[in-house]
Amino acid sequence: MDKQIVNLSIPAQPDFARTVRMMAANLAVISGQSVEDVEDARMAAEEAFVWCCASGPAACNIEFQVAEGYLGAKFAFGPNDLPEDDPASTYAELILNAVCDECVFDRSTRTLYLSKSVDVADA
């Protein structure tokens, strides 16, 4: 499968977390991830969404990249900076680093990058 881009713009409100989780899980299935990796994608999407919402955007804009064995996501954060010792941010980063292959927050562009690839041993 060639890389596909799926964009989601969703109100930055907790009631929409399920929508983000389900989209991420569905795209992980499409990319050929294992059952465990689908659960990781679901968890990562929710944590990233909650973290993004805390930064004060009107909407959370997410760009998913899907390819065979690969799922990536870019979350565009809002204008509010959270303190570096913010417990919610610290917890989100801890979870995201545990379940994603890549978790990078670019402060200059206010963008969170996540990715998960199928482990060669799993393929």
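Only the coordinates and a few stated rules stand behind these numbers; no lab work does. Here the structure is a predicted model, which is why all the values come from computation and not from measurement. Backbone-built Cβ (ideal geometry, glycine too); neighbour counts: all protein chains shown.
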Under 11 Å from the Cβ of Glu84, count the other residues' Cβ atoms, weight Lys and Arg +1, Asp and Glu -1, and hand me the total.
-3
Given Cβ point charges of +1 (Lys, Arg) and -1 (Asp, Glu) and nothing else, what value in debye, to the nearest 20, does the dipole of the chain about its Cα centre take?
480 debye
Given charges at Cβ of Lys, Arg, Asp, Glu: the chain dipole, positive-most of Val118, Val29, Ala12:
Ala12
Net charge contributed by nearby residues that have their C-beta within less than 12 Å of Lys3 (K/R +1, D/E -1):
-3
Taking the chain as a Gaussian network, Cα atoms linked when under 10 Å apart, which of Glu84, Glu39, Glu63 shows the biggest mean-square fluctuation?
Glu84
Per residue, what volume in Å³ does the Cα convex hull of the chain take up?
93 Å³
With Cα springs under 10 Å, the Gaussian network model of the chain assigns the largest mean-square fluctuation among Glu47, Glu93, Glu36 to Glu36
